[in-house]
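Here is the structure we will look at, set down as structure tokens.
The values are calculated or read from the model by the stated rules, or taken from the named source; none is laboratory data. Just so you know, these numbers come straight off a predicted model, no measurement behind them. Note that we place each Cβ from the backbone using ideal geometry, even for glycine, and neighbour counts take in every protein chain shown.
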Amino acid sequence: MAETMDRRHLFGLLGGAALVPSAALAQATPGRRTRLYLMQRYYLRAGNQLARLNEYLEKTALPALSKVHAGPKIVLEGLIVPHTPELVLILGFSSVEEFWSVRGRLNQDEQLEKAFEAWQAGPEPPFERQENILLEATDYSPEITAADPPPKAGRIFELRVYHSPSYTQLRHLHERFAGPEIKIFHRVGVHPILYASTIIGPNMPNLTYLTPFDDLAAREKAWNAFGADPEWIKVRQQSIDTYGQVTKNNLISIYRATPYSPLR
């Protein structure tokens, strides 16, 4: 029994995904490949935990996953984050069924099981703690695709989580994003690759989105242009006048893609 339970936890895939309340998530949306995103955050301590996790992911776990799953895969290392070291793994799935299918096939991989056990049995614990978040992509979220060709230098990725006071306010926030805000984003150089809402995880309700930039200077330039944009100033004030403050607080973290991340 112990062996079976260990194998079911290979890769740390989220067991709670079976508890998703929306029946609509059980099937992929027509014309859309990726509907769910599992975001795994590994909080580490100084020492060899980061090196061990990187080795496990790069040499065994990601290659094993790529054999059975073609969906989006991103590995990010904390650059400007509240807790360092930190590693974030983002995996995309078309449905809950696909998630369970991939998880089941990984549990059949004996080489992965051995690598997992070796990672767990190191001289110190493999990580301080792991946080799993299940995200549902919005209808206006683009499909994540690998850059072609890959960038010569690793990009940075900014993760923003906008917490709304209520689900009604969150709906209005999504409406603003899907309407004028994204158009302004693109005009000033902000091009998020994922917009989602958390369906299992902290800081709910929220809008979570991930944006790549060439570097910190490009990020600063784009956000400065956005903040000064006359249309954005007008749109924001109209939103406040109509719906009040649709966000309660914003969490901003900046990461860099690891050299082995499928998406860099």
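Of note:
- Yes/no for L50 being over 21 Å from D109 (Cα atoms) and assigned by TED's automatic domain parsing to the domain that holds N132: yes
- Residues of segment 39-83 classified as in a strand (DSSP E or B) and either surrounded by 14 or more Cβ atoms within 10 Å (Cβ to Cβ) or at positive phi (or both), total: 12
- Pairs with Cβ under 9 Å, 6+ apart, first in segment 70-87 and free of Cβ contacts under 8 Å to residues at least 40 places away in the same chain, second of a type in the set (S, T, N, Q) and in a loop (DSSP other than H, G, I, E, B): G71/T34; G71/S94
- In the set (1) of a type outside the set (A, V, I, L, M); (2) touching an Asp or Glu at 6+ places or on another chain (Cβ under 7 Å); (3) at pLDDT 95 or above, the condition left unmet by T34 is number (3).
- In the set G154, G92, G78, only one residue is modelled with pLDDT of 90 or more, under 15 Å from R264 (Cα atoms) and of a type in the set (G, A, S); that residue is G78.
- Qualifying residue in segment 206-218 (condition: in contact with a helix residue (DSSP H, G or I) (Cβ under 6 Å, 6 or more places away or on another chain) and modelled with pLDDT of 95 or more): yes
- Boolean, T211 is surrounded by 16 or more Cβ atoms within 10 Å (Cβ to Cβ) and within 27 Å of S66 (Cβ to Cβ): yes
- Out of I252, I240, sole residue that is surrounded by fewer than 18 Cβ atoms within 10 Å (Cβ to Cβ), out of contact with any helix residue (DSSP H, G or I) (no Cβ under 7 Å at 6 or more places or on another chain) and in a helix (DSSP H, G or I): I240
- Filter result for H163 (at pLDDT 95 or above, exposed (fewer than 13 other Cβ atoms within 10 Å of the Cβ) and closer than 30 Å to E220 by Cβ): no
- Residue that is surrounded by the most Cβ atoms within 10 Å (Cβ to Cβ), among those in segment 166-203 that are over 18 Å from the mean Cα position of the chain (by Cα) and among the polar types (S, T, N, Q): Q169
- Candidate set: segment 84-120, residues that are acidic (D, E) and surrounded by fewer than 14 Cβ atoms within 10 Å (Cβ to Cβ); chosen: the one farthest from Y43 (Cα to Cα): E97
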